[in-house]
């Protein structure tokens, strides 16, 4: 019989020590930024009903969700997304709160991947949602918050590209295509399949009419700097599409006047989750990794699926991808705390904890020796790369041993603490 | 500026890719005399080539370890991965088809048909679309053998000239779709190295358009 007790499932990971510290530091930093900006923090359950993520235009495929049954035979899933549970909470528990509502969260989501493709099945996301505001002000705030967060974390080279779901929806408004054909068209635009898209449109030219043909053909190319908007305006007269461009422009102007315009690019061919998003969409890339590090957008129809109609916009940062960016940039090795270990005779335990607390208060990592013999404690300290060992002698006297060069001197606890303060 | 890294499919497509990249002014000297080297460079244009198996092209490009890939549409269809599929190179043309012995009948009673293939995802998707309930058996080579030895009722495979089928007494029952080589681009690379990659795409598209006209 196979025994897996010494293994972990494909796609999962143990995160140890420094990696673990770095990850939690990022989560804490993001939490602080969001909470300081007035976002209210929520925790939602890891297990949710399958139905929360199920619906006509919801984009999470059932084969990507980990499913199990509760004791009443109902289907549960390990949450594959953070936004839908927040939509559920908003439409139920928070429907009478003061809007606009600012919410932030951090937590793990779960997705089933094919084996052996190097993807993880448990990912940490940290994100925000602004619920109850339709204004481009809210869109801009979300994007500005995202950029500021990436800068604060220390991501050096990144770009946030903005799309607008309404632009594509406008272009296909008067077009008569079957559902299958429409999905094919969307797929060709999304994958920037220029050639095949051109052929597909030429084949159907008669049915498409001439109105938006040029714009559709050019759609995959409509990405780049802000000048793309002017280009796009020339291509269509469709009001919905034009107003989509106007929203992007308004949002861009706000970001620009905050001085963050350099991080923004435009991609009108971003039509990935077009049923889910109803306005702006955005994705962030770094030059260090091949995947998105952040994604988000406006989803005005989602909350109504849970019984209360409210506009909303938000983003989620993929904390694990951010960590690989920082690692590749090579700036994750911050200055480490100084480390000391205290070795003491059992009879002196009474004062040791108090002493350790006062050392820790100076920002020094301090652990207590679990050894009986001083020599063993020294070997341990050397292997653990601890800087100093403090041996407690009688009468408040201590001996400080520098682990590297084995130099030592005697002093008193009081004096030692005082010397730390001077550093 | 980091180099643009291109993953080429080893073998048949490699030759065409080299002549195409030479055609648009990239120095392929190292690529042609590769010896045991794994990364082959054109220092002047700041381009690096790697040669890998077709399915690995997708893996390298999806993870961004390579920015661009040259690979057959058959491989793209079999693997559900994320990337931009920017140019149809119009070479390496062939098709996916259902083939069987002449005695095969599509609608023959209620028996569940067995389909042998190297491309289970492609076969599954095709029969799902046609609302046909079939059993798919994955093989790794010489799929033509399966119906002859009675392992399966039919096969789904790449058909180039049809000679292999004919020699083994098989006929094409239905064409599934056309296949040709594609140029694919990692999503982040497309944005972060936009200028260089856009120019490359335009040059390749132009090369493809011109060479298609002359071959007519």
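A short reminder: the numbers here are calculations on the coordinates, not readings from a lab. Predicted, not measured: the structure shown is a model, and the values here were computed from it. Because the Cβ atoms are built from the backbone with ideal geometry, glycine has one as well, and the counts that use them run over all protein chains shown.
Can you give me the C-alpha center-to-center distance between the range B:1-33 and the range A:145-170, rounded to a whole angstrom?
That distance is 34 Å.
Would you work out if the range A:339-422 is rounded, prolate or oblate? Take a ≥ b ≥ c from the square roots of the eigenvalues of the alpha-carbon gyration tensor; rounded if a/c is under 1.5, else prolate when a/b is larger than b/c, oblate otherwise.
The shape class here is rounded.
Rank the residues A:19, B:133 as a footprinting-exposure proxy: fewest other Cβ atoms within 10 Å of their Cβ go first.
Taking fewest neighbouring Cβ atoms as first place, the list is B:133, A:19.
Can you give the average number of partner chain beta-carbon atoms within 10 Å of each beta-carbon in peptide B:59-71, as a whole number? Could the numbers behind the result be given before it?
Numbers: counts 3, 1, 1, 5, 6, 7, 2, 1, 1, 0, 0, 0, 0.
Average neighbour count from other chains, rounded to a whole number: 2.
Which angle between 0 and 90 degrees, to the nearest 10, do you get for helix B:12-23 versus the longest principal axis of chain B when only C-alpha atoms count?
Here the helix axis deviates by roughly 30 degrees.
Post the alpha-carbon centroid distance, the range A:110-137 to the range A:359-380, in whole angstrom.
The range A:110-137 and the range A:359-380 have Cα centres spaced 42 Å from each other.
When DSSP assigns beta bridges and you keep just the ones with both residues in the range A:288-387, what percent turn out antiparallel, to the nearest 5?
55 percent
Please compute the average number of Cβ atoms from other chains found within 10 Å of each residue's Cβ in peptide A:184-195.
4
With 10 angstrom as the radius, rank A:96, B:56, B:67 by how many other C-beta atoms surround their C-beta, starting from the fewest. Please list the in-between numbers first.
Numbers: A:96 7, B:56 19, B:67 27.
The most exposed by this proxy come first: A:96, B:56, B:67.
So how tilted is helix A:319-329 from the main axis of chain A? Cα-based, degrees 0 to 90, rounded to 10.
70 degrees
In whole angstrom, how far apart do the alpha carbon centroids of the range A:246-279 and the range A:85-107 sit?
24 Å
For chain A, what's the relative contact order in percent, using C-alpha pairs closer than 8 Å and at least 6 residues apart?
Computed value for chain A: 15 percent relative contact order.
For chain B, calculate the relative contact order in percent as a whole number, restricting contacts to Cα pairs under 8 Å that are 6 or more residues apart.
27 percent
State whether the range B:94-178 is rounded, prolate or oblate according to the following rule on the C-alpha gyration tensor (a ≥ b ≥ c being the square roots of its eigenvalues): a/c under 1.5 gives rounded; otherwise a/b larger than b/c gives prolate, and the remaining case gives oblate. Mind showing how you got there, number by number?
Details: a/c = 1.42, a/b = 1.19, b/c = 1.19.
The shape class here is rounded.
Looking at the range B:94-178 only, what percent of DSSP beta bridges run antiparallel? Nearest 5 please.
Values: 12 of 20 bridges.
Counting DSSP beta bridges with both partners in the range B:94-178, the antiparallel share is about 60 percent.
Out of all DSSP beta bridges with both ends in the protein assembly as shown, state the antiparallel percent to the nearest 5. Before the final figure, lay out each step's value.
Details: 78 of 108 bridges.
So the antiparallel bridges amount to about 70 percent of the total.
Please state the shape class of chain A: rounded when a/c is under 1.5, otherwise prolate if a/b exceeds b/c and oblate if not, all from the C-alpha gyration tensor.
Verdict is prolate for chain A.
Please report A:197, A:177, A:171 as a ranked list, fewest other C-beta atoms within 10 angstrom at the top and most at the bottom.
Least crowded to most crowded, the residues run A:177, A:197, A:171.
Based on DSSP H runs of at least 4 residues, each adding -39500 (n - 2.57), what is the mean residue ellipticity at 222 nm of chain B after dividing by all its residues, to the nearest 500 deg cm²/dmol? Write out the running numbers ahead of the final one.
Numbers: 9 runs with 79 residues, N = 216.
-10000 deg cm²/dmol, from helical runs alone.
Hey, got the average number of other protein chain Cβ atoms within 10 angstrom for residues in B:178-185?
Whole-number average of other-chain Cβ neighbours for B:178-185 is 1.
Measure nothing fancy, just the Cα-based angle from helix A:349-360's long axis to the longest principal axis of chain A, in degrees from 0 to 90, nearest 10.
Taking the Cα atoms of chain A, the angle to A:349-360 is about 40 degrees.
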